[in-house]
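Novice: Following this message is one structure expressed as structure tokens.
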Amino acid sequence: MHNNPSSRFYLVESNMLPEIFRKVVYAKELLQTGEAATVAEAASNAGISRSAYYKYKDSVSPFQDMERGRIITYHITLRDRRGGLSTLLSVFAGSGANILTINQSIPINGIALVTISAETTGMTSSSEELLEKLQNTEGIKKVEITAG
């Protein structure tokens, strides 16, 4: 998927899509299941060129795969207050995000830098809603998404 912040996602019935998109998804499935050992084999079996596969492979996915395995890394500036990290983690827990890593620096001048990588699978709110909740949480000065 494109990391362009202005990218939008649309839910479209597969029969409304150009055939090339359905074939790219099929080629991806052949690779994932091991039915095709190479991109060339998967593309050939799907009836598309390798260049068409590479052109669209990152932009088209079945609906149930859209958020699966997506990892977002947040860089957070946190005020050094008792319970601050706990409050931060409860925002993630409340959204259903699966925290994979946490790295916190030693507070300097009352500020700690925290980096959290979280998987979005199973979240009860969108990534944008989580970002907004974090930005509005007391004790959090700044939140940036640095990867995802």
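The values are calculated or read from the model by the stated rules, or taken from the named source; none is laboratory data. Everything quoted here is computed from the prediction, not taken from an experiment. Methodologically, a virtual Cβ is constructed for each residue, glycine included, from the backbone with ideal geometry; neighbour enumeration extends over all protein chains shown.
Novice: Of the residues Ile140, Ile99, Ile145, which is touching a residue at least 60 places away in the same chain (Cβ under 8 Å) and within 13 Å of the chain's Cα centre (by Cα)?
Specialist: Numbers: Ile140 fails: within 13 Å of the chain's Cα centre (by Cα); Ile99 fails: touching a residue at least 60 places away in the same chain (Cβ under 8 Å).
So the residue among Ile140, Ile99, Ile145 that is touching a residue at least 60 places away in the same chain (Cβ under 8 Å) and within 13 Å of the chain's Cα centre (by Cα) is Ile145.
Novice: Among the residues of the stretch 39-59, are any within 30 Å of Val114 (Cβ to Cβ) and either among the aliphatic types (A, V, I, L, M) or under 20 Å from the mean Cα position of the chain (by Cα) (or both)? Spell out the reasoning first.
Specialist: Residues of the stretch 39-59 that are within 30 Å of Val114 (Cβ to Cβ), as a first pass: 58.
So of that shortlist, the ones also either among the aliphatic types (A, V, I, L, M) or under 20 Å from the mean Cα position of the chain (by Cα) (or both) come out as 58.
Yes; the residues of the stretch 39-59 include at least one that is within 30 Å of Val114 (Cβ to Cβ) and either among the aliphatic types (A, V, I, L, M) or under 20 Å from the mean Cα position of the chain (by Cα) (or both).
Novice: Is it fair to say Glu13 is among the acidic types (Asp, Glu) and either modelled with pLDDT of 85 or more or in contact with a Pro (Cβ under 9 Å, 6 or more places away or on another chain) (or both)? Give the steps one after another, and end with the answer.
Specialist: On the way: among the acidic types (Asp, Glu): yes; either modelled with pLDDT of 85 or more or in contact with a Pro (Cβ under 9 Å, 6 or more places away or on another chain) (or both): no.
No; evaluated as a whole, the condition is false for this residue.
Novice: Let me ask something else. If you scan the stretch 83-101, which residues turn out to be surrounded by 14 or more Cβ atoms within 10 Å (Cβ to Cβ), within 12 Å of Leu130 (Cβ to Cβ) and of a type in the set (Val, Ile, Thr)?
Specialist: Listed by number, the list holds a single entry, Val91.
Novice: Which one of these does Asp80 not meet: (1) loosely packed, with under 12 Cβ neighbours inside 10 Å; (2) charged (D, E, K, R); (3) farther than 30 Å from Gln32 by Cα?
Specialist: Single failed check for Asp80: (1).
Novice: In the stretch 73-88, is there at least one residue being part of a loop (DSSP other than H, G, I, E, B), closer than 29 Å to Ser127 by Cα, within 20 Å of the chain's Cα centre (by Cα) and of a type outside the set (Gly, Ala, Ser)? Even if it seems obvious, please write down each step before you answer.
Specialist: Taking the stretch 73-88 as the starting set, the residues that turn out to be part of a loop (DSSP other than H, G, I, E, B) are 80-83.
Then keep just the ones that are closer than 29 Å to Ser127 by Cα; that gives 80-83.
Next, only the ones that are within 20 Å of the chain's Cα centre (by Cα) stay: none.
Within the stretch 73-88, not a single residue is part of a loop (DSSP other than H, G, I, E, B), closer than 29 Å to Ser127 by Cα, within 20 Å of the chain's Cα centre (by Cα) and of a type outside the set (Gly, Ala, Ser).
Novice: What residue, among those in the stretch 110-137 that are surrounded by fewer than 15 Cβ atoms within 10 Å (Cβ to Cβ) and not in a loop (DSSP other than H, G, I, E, B), is modelled with the highest pLDDT?
Specialist: Ranking the candidates gives Ile111 first.
Novice: How many residues does the stretch 93-109 contain that are hydrophobic (A, V, I, L, M, F, W, C) and part of a strand (DSSP E or B)? Break it down into steps so the answer makes sense when it comes.
Specialist: Filtering the stretch 93-109 for residues hydrophobic (A, V, I, L, M, F, W, C) gives 93, 97, 99-100, 102, 106, 108.
Narrowing the set further to residues that are part of a strand (DSSP E or B) leaves 99-100, 102, 108.
Looking only at that region, the number is 4.
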